[in-house]
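Reading through the structure tokens given below for one structure.
All of the numbers you see were taken from the coordinates with simple rules; none came from a lab. None of the values given here were measured: they were computed from a predicted structure. Cβ sites come from the backbone with ideal geometry, for glycine too, and all protein chains shown count toward neighbours.
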Amino acid sequence: MPRFALRAASAALLTLTALNVPAAHADEVTPVAVTVNARAALAIVPETGIGTNHAIWDTNLGTNATADLLKDAGVKLLRYPGGSYSDIYHWATHTAPGGYVAPNTDFDTFMNGVRRTGAQAMVTANYGTGTADEAAAWVRQANITKGYGVKYWEIGNENYGNGHYGSAWEADDHADKSPAEYARHVVTYADAMKAVDPTIKIGAVLTTAANWPDAIVADGDDGTWNKTVLSIAGPKIDFVILHWYPGALDKAAHVPDMIQLTRQQIAKYAGPGSERIGMAMTEFNTGSSSVGSTTQPSALAAADAYATLLANGVFTVDWWNVHNGIGNITQVEGQTDYGDFGLLSSGTCTSDGSVCEPQLNTPFAPYYALQMMGKFARPGDQFIRAATGQAKVTAHAARRPDGDLAVLLINTSSDTSYPVTIGYSGFSPASGAPTVLTHTNGATSITGSTAGSATSQTLPPLSMTTVVLHPATPQTGRPGAPGQPTATDVTDRAATISWPAASPGARPIAKYELHRQNGAISEQLGESTGTSLTVSNLTPGTRYTLNVIARDTGGGVSWASPPLTFTTGTPASSSCTVRLTVQTDWASGYVGAIEVTNNGAPMNGWTLAFTWPRTWQSLGSGWNATWTQNGPDVKAVNEPGNGSLPTGASTTIGFVGNYSGPNVLPAVFTLNGTVCATR
């Protein structure tokens, strides 16, 4: 359940007027270049990718009408019993002390709706006021007695919101409200629940990068919420749970770093075998009380975020929620926005009765975003890179097992129809007009047509469009895709990449090619007749995403392998060493200390330089040096009292770093132009 008033540290809200662009005549609009690269593969579309939330205060959660609408939208996962209600809900008595439980919302009714929808269930066990025994009994009832086969079980909802960090919205009867106490109970819950059914998957709650209270260390704790929970409960869990209410309509660019930072935490803290741990976004909504939630801009942002999250490997994204209720009434892009965070109308009215929503179960615009996602990226498809040359136009692409390719194009401009020209790498589209699916501002359905060409389309204002293309030649007889690559012996300049062999097609495999993703452009780093390759001339402190492609003796090319992401280090030895320490963090800024050690000849005067990795980072202030920032580049020049650095000497300088997105720390520092070793 969203608690927007309590998310005081979330990103500043983007007003809807930011979506507007100056009016332009069609003949004045420069065509937008779209690049689609089938060699730059991302995640496989999961079966459970498109999800949403049901809540026990919604008496319509189990109706056939609701289930059928969700099925038509392509929803494949339904979460229960509803946000923060999860931590007050007792399934056996179907009660939630302190909350409202609507008629016809018990677990069996929910599961009947799940089955009619053709989805899987995710159940949130009560951590706040429940027990491990109660959760284990629920597993027994669901999977042993009833045979429902519920696979995914969360332990609690937003349990960091229990007052431990200052804000309290989540029920928690434990005297100790620390992350360590939560983690210890996750272990107990997991043991008890898996003793009943060892096939289930257990999820633990994490904080989301750059969203409060991520990165904060509370009094008495040894680390952040995520570090503590993963260190204690990591060996017992199968997935982690994130929630994201960006409060703005342009935050999909944060997703890759958000997911990568979480993966790094899992790898660092969760212990051996942590690669098995999946990631679920079990609550997501684009809006807030002051940003439209039921109209087209929210739908466009939803489609963009769903595609980006799933392409980065999240196994489910669950909209908050199916029915929510009327809220703040505004006019957005010529449509009434009801301030309702549901996919479907609840048919409710304002308290004075002056404004009422459409009749019950009328789809709001975000419903069509989920429906479009279900048509664009189907389970088993593979996301591939796509990019555009216009900020108002976003592109995503997915390749299908039969060789077809789908391109999702989103135009956020209020008043400009953008012509787009689409170029393809690693894919040759068939001639003729493709299938085109479109949803526009205020439309009550997705329309289908055969229009334009594979390389030329026109996007209406405030629209989402899916173009489905057939390949120009049959895809039979080609090699299978190579398996998941791995990186070993990673240094500042080199890495050895290995991969499982591809299965040959009609002809023997001649070689493998290693491609780096550089946006939507691939850069071939080398090739090998074997299943490993050492690549050199890499850049220190840089994140690389690579794919491997098999090519047979007739020139036939496989699908790209799953992506491999790794980050190069800094020199093992250098004439200087740098150590960056985060001393305190408040989820939108931090105090950093940089210790600089001179390992070379004595210095009389020095300049330390680094570059912010992301555009949303900046220098707030600094001390023990003269600090300046020019664009993303930061320099710290010695003060008169610390300019002398004899061999082996160190000095420490400090700064405040501000950020409004995932905080990727700078990794490469130079001292008087020399790249330093970091530790």
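Structure notes:
- Members of Lys71/Lys201; Lys194/Lys268; Lys236/Lys375 lying beyond 31 Å, as alpha-carbon distances in this model show: Lys236/Lys375
- Anisotropy class of the chain from Cα gyration tensor, a/c 1.5 cut: rounded
- Percent of Cα-Cα distances greater than 17 Å, calculated over segment 213-253: 50
- In units of the compact-protein estimate 2.2 N^0.38 Å, segment 403-538 shows a Cα radius of gyration of 1.41.
- Hz values of 3J(HN,Hα) by residue in segment 193-199 - Karplus curve (6.51, -1.76, 1.60), Gly and Pro given as x: 6, 6, 5, 7, 9, x, 8
- Taking every Cα-Cα distance in segment 382-469 and sorting them into 10 Å bins starting at zero, the pair-distance distribution P(r) comes out as 17, 53, 27, 3 percent.
- Stokes-Einstein D for segment 532-679, Kirkwood Rh over Cα pairs, 20 °C, 1.002 mPa s (µm²/s): 123
- Ascending count of other beta-carbon atoms within 10 Å, so fewest first, for Ser453, Ser588: Ser453, Ser588
- For segment 446-525 versus segment 591-667, the gap between their alpha-carbon centres in whole angstrom: 40
- Considering only alpha-carbon pairs that sit under 8 angstrom and 6 or more positions apart, the relative contact order computed for segment 486-567 is 32 percent.
- Ranking of Ile497, Ile521, Ile144 by count of other Cβ atoms within 10 Å, fewest first: Ile144, Ile521, Ile497
- Bins of 10 Å from zero: percent of alpha-carbon pairs in segment 229-359: 12, 36, 26, 17, 8, 1
- Computed helical MRE - 222 nm, the chain, DSSP H runs ≥ 4 contributing -39500 (n - 2.57), nearest 500: -4500 deg cm²/dmol
- Taken as Cα centroids, segment 77-132 and segment 228-305 sit 22 Å apart, rounded to the nearest whole angstrom.
- With a cut-off of 13 Å between beta carbons, the residues surrounding Thr476 carry a summed charge of 0, where Lys and Arg count +1 and Asp and Glu -1.
- Fraction in percent of alpha-carbon pairs per bin - 10 Å, segment 321-369: 29, 60, 11, 0
- Considering only alpha-carbon pairs that sit under 8 angstrom and 6 or more positions apart, the relative contact order computed for the chain is 13 percent.
- Here each label is just a point 7 Å from Cα along the line to Cβ, and for Gln524 and Val582 those points are 4.0 nm apart.
- Inter-probe distance in nm under a simple model that places probes 7 Å from Cα toward Cβ, at Ala102 and Asn672: 7.1
- Segment 631-679: C-alpha gyration tensor shape, a/c 1.5 cut-off, then a/b vs b/c: prolate
- Fewest-first ordering of Phe376, Phe315 by other beta carbons within 10 Å of each residue's beta carbon gives Phe315, Phe376.
- Contour excess over end-to-end distance, with Cα ends at Ala443 and Asp415 and 0.36 nm allotted per residue: 8.5 nm
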